[in-house]
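The structure appears right after this line, and notes come after that.
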Amino acid sequence: MSQTRIWKTIALALTADIAEGRFATGDRLPTEAQLAATHGVNRHTVRRALAELARQGLVHPRRGAGVFVSAAATDYPIGKRVRYHRNISASGKIPGKRVLSLITRAADKTEAEALALAPGDPVHVYDGLSLADGQPIAVFQSVFPAARLPDLPEALAQNGSVTRALRHCGVADYTRISTRLTARAADAVQARHLQLIEGAPVLHSVGINADPQGHPVEYGKTVFAGERVTLTLDDDHG
């Protein structure tokens, strides 16, 4: 049997294992060495089979951890009101956030322009990881005007929710006034946080949120794992 035929056979066998529930969402597949021994082939042949499953979105490799069965992509609406916990809950998954860092520093030129500040004005910077059913789907950075929201870091540290923290600080509502989306390749840091291989496709979102009076309250940059999230444009978020 040709090598081409062998790797396709292995790919089909693994696809059947996933479809029939022998490997569930989030399960780690056997290692390349184990699969090679099971099928009596070399690891290069197994690697081709796994690459085909990854191309189909059935599995995803995690650096240093192995190859895992992928969850179905999470629909994530981008509209007038972008609310992470509500969006993830609406998709039938359990939302979660992990705080990576929370600091106050001087705003750079881009941040100051987005938030209608002067360069060097103080801003709170919240770096974090967004989860759906415990799986990382996005790494983000949110920047807030510190003078207007002095108590925001403490509120964010309590539960990680931007909406609740802003409400605690007197911003009862906010809406998205601009969004820019681009497709890129994950760098080493993004890949590590999102448990992807470096160079995997990711979606970059840059947005500005403002209060009802039109004053910017958040400048956010989010990197979504391309294989785990489907961004949708939703005009009904108002």
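The values are calculated or read from the model by the stated rules, or taken from the named source; none is laboratory data. For clarity, every value in this text was computed on a predicted model and none was experimentally measured. Counting neighbours? That spans all protein chains shown, and the Cβs are built from the backbone with ideal geometry, glycine included. With ligands, DNA and RNA removed, areas are computed over all heavy atoms of the protein, side chains included. Shrake-Rupley method; radii C 1.70, N 1.55, O 1.52, S 1.80 Å.
Explain nothing, just the number: relative contact order of the range 127-215, from Cα pairs under 8 Å at least 6 residues apart, as a whole percent. Value for the range 127-215: 25 percent.
Just to be sure I understand: with springs between alpha-carbon atoms less than 10 Å apart, which residue in 16, 72, 49 has the highest mean-square fluctuation in the Gaussian network model of the chain? In the Gaussian network model the winner is 16. Its Cα centre serving as origin, the range 86-148 has a Cβ charge dipole (Lys and Arg +1, Asp and Glu -1) of approximately 260 debye.
For the chain, carbon and sulfur atoms together expose 52% of the accessible surface, with a 1.4 angstrom probe and every protein chain in place.
Annotation for the range 91-180: trypsin sites (Lys or Arg not before Pro) lying in DSSP loop with at most 15 further Cβ atoms inside 10 Å of their Cβ do not exist. Based on the Stokes-Einstein relation at 4 °C and a viscosity of 1.567 mPa s, and on the Kirkwood radius from alpha carbon pairs, the range 54-184 is assigned a translational diffusion coefficient of 78 µm²/s. Sorting the Cα pairs of the range 85-131 by distance into bins of 10 Å, from 0 upward, gives 25, 31, 27, 16, 0 percent per bin. Here the range 1-45 yields Rg over Rh of 0.98, to two decimals, using C-alpha coordinates and the Kirkwood radius. Length gained on full extension, residue 28 to residue 99: 23.0 nm, using 0.36 nm per residue less the C-alpha separation.
Coupling constants for the range 92-97 follow from the phi torsions by the Karplus curve (6.51 cos²θ - 1.76 cosθ + 1.60, θ = phi - 60°), and in residue order they are x, 10, 8, x, x, 9 Hz; glycine and proline get x.
Overall size of the range 28-95 from C-alpha positions, given as principal axis extents largest first: 54, 19, 18 Å. Candidate cross-link partners of residue 97 among the aspartates and glutamates, defined by an alpha-carbon separation under 12 Å and a same-chain spacing of 8 or more, comprise 127, 133. Taking all protein chains into account, the per residue accessible area for the chain stands at 51 Å² (1.4 Å probe).
For residue 133, the solvent-accessible surface computed with a 1.4 Å probe is close to 90 Å², ligands and nucleic acids excluded. Here the calculated FRET efficiency for residue 177 and residue 17, from their Cβ-Cβ distance with R0 = 45 Å, stands at 0.40, rounded to the nearest 0.05.
Estimated from helical segments only, the mean residue ellipticity of the chain at 222 nm is -8500 deg cm²/dmol, where each DSSP H run of four or more residues counts as -39500 (n - 2.57). Only the Cβ atoms of Lys and Arg (+1) and of Asp and Glu (-1) were treated as charged; on that basis the dipole of the chain about its Cα centre amounts to roughly 660 debye. Average 1/r across all pairs of distinct alpha carbons in the range 125-238, invert it, and you get the Kirkwood radius: 15.1 Å. The three principal axes of the Cα atoms in the chain give end-to-end lengths of 69, 34, 29 Å, sorted in falling order.
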